[in-house]
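The values are calculated or read from the model by the stated rules, or taken from the named source; none is laboratory data. All of these numbers come straight from a predicted model, not from anything done at the bench. Cβ placement follows ideal geometry from the backbone for every residue including glycine, while neighbour counts extend to all protein chains displayed. Remember, those area values only see protein heavy atoms, side chains included, never the ligands or the DNA or RNA. Shrake-Rupley method; radii C 1.70, N 1.55, O 1.52, S 1.80 Å.
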Amino acid sequence: MKRLVVLGILFSAGALSISAAAWQAPAGGGQPAPRVVTVEKLHDNLYMMGGQGGGGNSAVFITAGGVVVVDTKNPGWGQPLLDKIKSVTDRPVTMIINSHTHGDHVSGNVEFPATVEVVTHENTAKNMEAMRTPTGITPAPGAPVNIFKENGGRGMPKRTFKDKMTIGKGPDQIDLHYFGRGHTNGDAFVVFPALRVMHAGDIFSGKNVPLLDANNGGSGVEIGKTLAKAADGAKGVDQIITGHSTVMTVADLREYAAFNNEFAADVQAAKKAGKTPDEVASTWKIPAKYKGYGEPQAARLRANVQVVWDETK
């Protein structure tokens, strides 16, 4: 328990949150707060499940053969998520799809039954074997080094895809797409075509400056292009479950692609003009036209500038 409690790293909304205790101690002491998984019903057989401190948004898709879960949150949140799923259906969980490798989206895997099939992009499977620390993140003392190795490989994917995979058919169909590097090098877009809904994971975590995880293959130069490809490929999609924010639209996704392309272009132009990464990070502001975008933490902005800088020759 101590190892999970001390993880406690919570980053800005829409970014990466890794805070991992079954109970979170409040500031100033007192009784810890229980982990509460929230539920938003999108369709009769599709729910978005969140929870403050729990990590990324989970999708719960109820099919004729069982329940498919997209992303399983922080360590210690797998069982609360399972319990909440039981409140909306008595069907068993048969499959987990992880959108990418980060601990706040995959760690709950180890708390699900060993019979549950885990599916990811092929690069994410490799990243989950290593569980490298994301770019710009300093793990808390005592944080799990590799939760899957510590659990004997439980929760690791045994089924992967490269560019596209279709699971099921008819009303139960799920389409998995990979459009390129971005947040990591294995970001999967999960589409439920019968419901016109997509789960984007943290490559579209919300309207914010993303975490560019170069340590796990992410790219500040490519992310905008990848998002644009996803927007073009999201035909028949009305709703997008974001990694850490509210449900959004394809228009929001397309705007986010432009935002990230503009950021990369700004950094590249500054490098060409002879500025330093520190100068760029200290002066760059979110353009006024991107209304409602969260102001970035200084460390996140500086790290992202460096990622684009290093990719630009």
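Values as computed for the structure displayed
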item	result
Condition met for Pro139 (farther than 18 Å from Ile241 by Cβ, under 19 Å from the mean Cα position of the chain (by Cα), in contact (Cβ under 8 Å) with a residue 40 or more places away in the chain and crowded, with 16+ Cβ neighbours inside 10 Å)	no
Restricting the stretch 35-67 to residues that are β-branched (Val, Ile, Thr) and in a loop (DSSP other than H, G, I, E, B), the residue that is most open to solvent (accessible area, probe 1.4 Å)	Val36
Residue in the stretch 272-279 that is assigned to a loop (DSSP other than H, G, I, E, B) and within 18 Å of Ile223 (Cβ to Cβ) present	no
Selection count, the stretch 68-110, where residues are open to solvent by 10 Å² or more (accessible area, probe 1.4 Å), without any contact (Cβ under 8 Å) to a residue 40 or more places away in the chain, charged (D, E, K, R) and in contact with a Ser or Thr (Cβ under 9 Å, 6 or more places away or on another chain)	1
Condition met for Gly220 (within 20 Å of Val60 (Cα to Cα), open to solvent by less than 20 Å² (accessible area, probe 1.4 Å) and not hydrophobic (A, V, I, L, M, F, W, C))	no
Residue count, the stretch 111-133 (criterion: more than 18 Å from Glu150 (Cβ to Cβ), surrounded by fewer than 20 Cβ atoms within 10 Å (Cβ to Cβ) and among the hydroxyl-bearing types (Ser, Thr, Tyr))	1
Enumeration of residues in the stretch 302-313 that are open to solvent by less than 30 Å² (accessible area, probe 1.4 Å) and within 24 Å of Ala230 (Cα to Cα)	Asn304, Val305, Val307, Val308, Thr312
Residues satisfying the stated conditions in the stretch 77-101, i.e. in a loop (DSSP other than H, G, I, E, B) and out of contact with any Gly (no Cβ under 8 Å at 6 or more places or on another chain)	Ser87, Val88, Thr89, Asp90, Asn98
Considering residues of the stretch 153-212 that are among the acidic types (Asp, Glu) and over 20 Å from Ala303 (Cβ atoms) only, the residue least open to solvent (accessible area, probe 1.4 Å)	Asp175
Long-range neighbours under 7 Å by Cβ, at least six apart or interchain, first residue closer than 11 Å to Phe204 by Cβ within the stretch 243-272, second small (Gly, Ala, Ser) and open to solvent by 40 Å² or more (accessible area, probe 1.4 Å)	His244/Ala13; Ser245/Ala13
Entirely in the stretch 145-194, the strands (runs of 3 or more DSSP E) that have 3 or more residues that are in contact with a His (Cβ under 7 Å, 6 or more places away or on another chain)	189-192
Every residue from the stretch 250-294 that is surrounded by fewer than 14 Cβ atoms within 10 Å (Cβ to Cβ) and β-branched (Val, Ile, Thr)	Thr276, Thr283
